[in-house]
Amino acid sequence: MRKAIPALILVCLILSACGQTRTFEGALFRTDTDKSAFGVDCSDEINKGKVNVDDVGYVCTVKTDGKTRLKDAEGHTLKPEDFSSGDLVRVTLSRAQTITESNRSFQAKEIVLLEAK
């Protein structure tokens, strides 16, 4: 029985991480440089694995701070004003989270400009 408890705990930890997102890509809808936030299309993440998906689009608020790395696909450092609406970005969250219709505000660890509009 004692050997089963650590194995059970390990299985529970692994299962609790399922369904969480650490990185996602989407189009940039807005940049709030004065508020240190970006609006990023996260519809694909919210609708992942769903059947009969509606045509509703979802925008996630991606917060930045002094530790958030902003860069282009080649690794060059960028500033918030280097991003524009319509740009394709990859967002790495500061911690893995479940993205849902009601949970769409996150702290970013890194935002990478993949394709400028």
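The values are calculated or read from the model by the stated rules, or taken from the named source; none is laboratory data. As the structure is a prediction and not an experimental result, all values here were calculated from the model. No Cβ is skipped: glycine too gets one built from the backbone with ideal geometry, and neighbour counts run over all protein chains shown. To get the accessible areas, we keep the full protein, side chains included, count just its heavy atoms, and leave off ligands, DNA and RNA. Shrake-Rupley method; radii C 1.70, N 1.55, O 1.52, S 1.80 Å.
When you check Ala17 against the structure, is it open to solvent by 40 Å² or more (accessible area, probe 1.4 Å), at pLDDT 55 or above and more than 18 Å from Leu88 (Cβ to Cβ), yes or no?
On the way: open to solvent by 40 Å² or more (accessible area, probe 1.4 Å): yes; at pLDDT 55 or above: no; more than 18 Å from Leu88 (Cβ to Cβ): yes.
It is false that Ala17 is open to solvent by 40 Å² or more (accessible area, probe 1.4 Å), at pLDDT 55 or above and more than 18 Å from Leu88 (Cβ to Cβ).
What is the residue count in the range 39-54 for residues that are outside any helix (DSSP H, G or I) and open to solvent by 30 Å² or more (accessible area, probe 1.4 Å)? Break it down into steps so the answer makes sense when it comes.
Applying the first criterion (outside any helix (DSSP H, G or I)) to the range 39-54 yields 39-42, 48-54.
So of that shortlist, the ones also open to solvent by 30 Å² or more (accessible area, probe 1.4 Å) come out as 41, 48-54.
Qualifying residue count for the region: 8.
Before we move on, is Glu81 open to solvent by less than 50 Å² (accessible area, probe 1.4 Å), in a helix (DSSP H, G or I) and touching a residue at least 24 places away in the same chain (Cβ under 8 Å)? Please lay out each step first, then the result.
Working: open to solvent by less than 50 Å² (accessible area, probe 1.4 Å): no; in a helix (DSSP H, G or I): yes; touching a residue at least 24 places away in the same chain (Cβ under 8 Å): yes.
Against the criterion (open to solvent by less than 50 Å² (accessible area, probe 1.4 Å), in a helix (DSSP H, G or I) and touching a residue at least 24 places away in the same chain (Cβ under 8 Å)), Glu81 does not qualify.
Does the range 58-70 hold any residues that are over 16 Å from Ser84 (Cβ atoms), surrounded by 13 or more Cβ atoms within 10 Å (Cβ to Cβ) and not charged (D, E, K, R), and which are they? Spell out the reasoning first.
The initial filter retains those residues of the range 58-70 that are over 16 Å from Ser84 (Cβ atoms), namely 58, 60-61, 63, 65-69.
Now narrow it down to the ones that are surrounded by 13 or more Cβ atoms within 10 Å (Cβ to Cβ): 58, 60-61, 63, 68-69.
Residues satisfying the conditions are Tyr58, Cys60, Thr61, Thr68.
Leu114 is checked against (1) under 24 Å from Val53 (Cβ atoms); (2) open to solvent by 60 Å² or more (accessible area, probe 1.4 Å) and fails just one. What number does that condition carry?
(2) is the only condition that Leu114 fails.
Is it fair to say Leu70 is hydrophobic (A, V, I, L, M, F, W, C), farther than 21 Å from Gln20 by Cα and either touching a Gly at 6+ places or on another chain (Cβ under 6 Å) or not in a loop (DSSP other than H, G, I, E, B) (or both)?
Details: hydrophobic (A, V, I, L, M, F, W, C): yes; farther than 21 Å from Gln20 by Cα: yes; either touching a Gly at 6+ places or on another chain (Cβ under 6 Å) or not in a loop (DSSP other than H, G, I, E, B) (or both): yes.
Yes: the conditions hold for Leu70.
In the range 26-60, how many are more than 12 Å from Thr100 (Cβ to Cβ) and touching a residue at least 40 places away in the same chain (Cβ under 8 Å)?
11
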